[in-house]
Structure formats: C-alpha cells, structure tokens
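Following: one structure in structure tokens, then a few remarks.
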C-alpha cells in the first residue's frame, strides 16, 4: 500500500515538533472532515447555481418536496427541520415567496397561523435541482466499495448522533 501524506499530516507533524506536549491526532479526522465539508459546500453550491438556488433555499424547497403532493408545513416546522433561527427562516421564506416558488396559506388547523407549500413552479424547480444535487453528491464520493461505504455511513451516523 502506498503511503500518501496530505496537508493535515504536514500540519500535525509541525504541531508535534512545536508543541510536543499536545496531541494533535484528533485533527487527523476532524481537520479532514472540515476540509472535505468546505469542498462539498462549494461543490453543492456550484451544482445549485444554474437553478438560482443557495443551499439554504434548496433545503427549504427540498423539505417541502419530501412532504408529498400536498406537502405543507408551518414556518416553525420548517425552521426545526432545517435548523434555522426564526429570523433566518422568515427571510428565506420571503425570498422564495417573491420568486413564486412557495406560497403562504392560512393554516386550516390554526386560523392565526400559516402553512407554507410549494407552487407548481417551485415543485418543478426543486425536482430538477434535486436531480442535479444527487448527481453532484454521487460525483463527490470517492470510489469506495459497498462495504467501505456502509461502514463509513455507520461511523458518520454515530458521530452525528454523538453531536
């Protein structure tokens, strides 16, 4: 097996030399995850750019799309689903509504509330953007075999649940 080093290995070697009393080994994983995440964020934003969507806007539209044909959610439900503050959610909903991708309607279960749903234009856009997003995600993966992919998925799920 060929031993390949990368910027994280070089950084950790420097830390070991300069501060030998500290253990930089957690950065072997965390540092790489951060670099990979930054790369993936740039990649997904590039894939969504032709659709005029940011990743945050995509998340809202995709969350609504996953709710099925009559998929509607309250702004609070959306906020929890995409982990945004209420001010951030209102801003995104306003922009998506101005672009005619979503619409606000009276909540049938609460006369004081509203629900948000996709417009026909929004559904068509998110279906196309989702196809591009899935293709981008597939292209971003290294050529792992099925066993390695399953194991990495398991480990990342455990890490995610730990956080």
### Message
Filter segment 6-51 down to the residues that are over 17 Å from residue 142 (Cβ atoms) and in a loop (DSSP other than H, G, I, E, B) and list them by number.
### Response
19, 20, 21, 22, 23, 24, 25, 26
### Summary
Subset of segment 116-152, residues more than 23 Å from the chain's Cα centre (by Cα) and within 20 Å of residue 66 (Cα to Cα), comes to 120
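Residue by residue, here is whether (1) at pLDDT 95 or above; (2) under 25 Å from residue 121 (Cβ atoms) holds:
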{"position": "5", "(1), (2)": "no, no"}
{"position": "55", "(1), (2)": "no, yes"}
{"position": "79", "(1), (2)": "no, yes"}
{"position": "82", "(1), (2)": "no, yes"}
{"position": "96", "(1), (2)": "yes, yes"}
### Query
When residues of segment 125-153 are filtered for being in a loop (DSSP other than H, G, I, E, B) and surrounded by 12 or more Cβ atoms within 10 Å (Cβ to Cβ), how many remain?
1
### Query
Which is modelled with pLDDT under 95, in a helix (DSSP H, G or I) and either farther than 18 Å from residue 69 by Cα or more than 22 Å from the chain's Cα centre (by Cα) (or both), of 88, 113?
88
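For every residue, the table says whether it meets (1) surrounded by 18 or more Cβ atoms within 10 Å (Cβ to Cβ); (2) farther than 26 Å from residue 131 by Cβ.
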| position | (1), (2) |
| --- | --- |
| 49 | no, no |
| 78 | yes, no |
| 85 | no, yes |
| 95 | no, no |
#### Entry: Near pairs, Cβ below 7 angstrom, 6+ apart or cross-chain, from segment 132-151 (over 13 Å from residue 44 (Cβ atoms)) to any residue that is at pLDDT below 95 and assigned to a helix (DSSP H, G or I)
none
### Task
Answer yes if at least one residue in segment 116-124 is in contact (Cβ under 8 Å) with a residue 60 or more places away in the chain and either surrounded by 15 or more Cβ atoms within 10 Å (Cβ to Cβ) or out of contact with any strand residue (DSSP E or B) (no Cβ under 9 Å at 6 or more places or on another chain) (or both), and no otherwise.
yes
### Query
Just a yes or no: is a residue in segment 64-74 touching a strand residue (DSSP E or B) at 6+ places or on another chain (Cβ under 8 Å), more than 20 Å from residue 156 (Cα to Cα) and at pLDDT 95 or above?
yes
### Query
Taking segment 64-76 as the region of interest, how many residues are loosely packed, with under 15 Cβ neighbours inside 10 Å and in a helix (DSSP H, G or I)?
1
## Note on the structure
For segment 91-110 the number of residues that are under 20 Å from the mean Cα position of the chain (by Cα) and assigned to a helix (DSSP H, G or I) is 5
### Residue among 61, 156 that is assigned to a helix (DSSP H, G or I) and surrounded by 12 or more Cβ atoms within 10 Å (Cβ to Cβ)
61
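The values are calculated or read from the model by the stated rules, or taken from the named source; none is laboratory data. Values in this document were obtained by computation on a predicted structure and should not be read as measured data. We place every Cβ from the backbone using ideal geometry, glycine too, and count neighbours over all the protein chains shown.
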